[in-house]
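The values are calculated or read from the model by the stated rules, or taken from the named source; none is laboratory data. Here the structure is a predicted model, which means the values were calculated and not measured. Heads up, the Cβs are rebuilt from the backbone with ideal geometry, glycines too, and the neighbour counts pull from every protein chain shown. When the accessible area is computed, the model is the full protein with side chains, heavy atoms only, and any ligands, DNA or RNA have been set aside. Shrake-Rupley method; radii C 1.70, N 1.55, O 1.52, S 1.80 Å.
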Amino acid sequence: MAELAELEDPKARAVNERHGDDHGVNLGKLRALAKRLKTQQELACRLWETDDTAARLLAVLICLPKAFGRDELDTMVRGARAPKVHDWLVNYVVKKNPHSEELRVAWSADPDPVVASAGWALTTERVAKKPEGLDLDELLDVIEAEMKNAPDRLQWAMNHCLAQIGIEHAGYRARALDIGERLQVLKDYPTSPGCTSPFAPAWIDEMVRRKQG
């Protein structure tokens, strides 16, 4: 904790806090620290328990993803309110855990929009890597009905799923593009030069172009 405190940078904190992340540690330095520590499950659990955002990010990097039980991960996701902690926990830990599919189903139907966004993130992963058994028509029905008025984090996760369906599944591409055009979600999101817009139709078109190129 003392070493993390030494890495605290007021400029980094100012940038991070604009995104809802209450820490000031440069992520490159955090990753270097994690590389030095290597995998340490017990230390990771103790760091997580501090409830400190930088400590929790470090915990995610040095933990053993497969070691967590289903209920442990459920509690962790519900307690991970900083966006970066939530994203890293889902992407670096839950996706590699044997309970990921069970949690995907449970979280997708959760009334808490942040928890539901974790379920959608796991669904997006399946759309890309293991779509067998998913009902893509049903997913598009839900996105069409609910994405426009969903809270920010949930809306972002649904939009990513919409784009992924359009990118990966040619048979559903026209419908995905149509939904994106009609809902106009993230149409005006500021995008840096050279970056792909998160507006689903633009995102789908760009990624399909790259694949075909």
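How big is the C-alpha Rg of region 76-157 next to the rule-of-thumb value 2.2 N^0.38 Å, as a ratio?
Values: Rg = 12.1 Å, N = 82, 2.2 N^0.38 = 11.7 Å.
Rounded to two decimals, the normalised Rg is 1.03.
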Inset, instruction - Note down the magnitude of the dipole of the chain about its Cα centre, charges +1 on Lys and Arg C-beta and -1 on Asp and Glu C-beta and zero elsewhere, to the nearest 20 debye. - result: 900
Legend entry - Among Pro98, His23, Leu37 the positive-end extreme of the charge dipole of the chain (Cβ point charges): Leu37
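What is the percent carbon and sulfur in the accessible area of the chain, measuring with a 1.4 Å probe over the protein chains and ignoring ligands? Provide the component values of the computation, followed by the final result.
Values: 5860 of 11410 Å².
Ligands and nucleic acids excluded, carbon and sulfur reach 51 percent.
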Inset, instruction - Before rounding to the nearest 500, sum -39500 (n - 2.57) across all DSSP H runs of length at least 4 in the chain and divide by the residue total; then give [θ] at 222 nm in deg cm²/dmol. - result: -20000 deg cm²/dmol
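Which value results for Rg/Rh of the chain when Rg is the Cα radius of gyration and Rh the Kirkwood radius based on the inverse mean 1/r? Kindly include the intermediate steps, with their values, before the conclusion.
Working: Rg = 18.2 Å, Rh = 18.4 Å.
We get a ratio of 0.99 for the chain.
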Legend entry - Straight-distance crosslink candidates among aspartates and glutamates, where the alpha carbon sits under 13 Å from Lys148 and sequence neighbours closer than 8 are dropped: Glu181
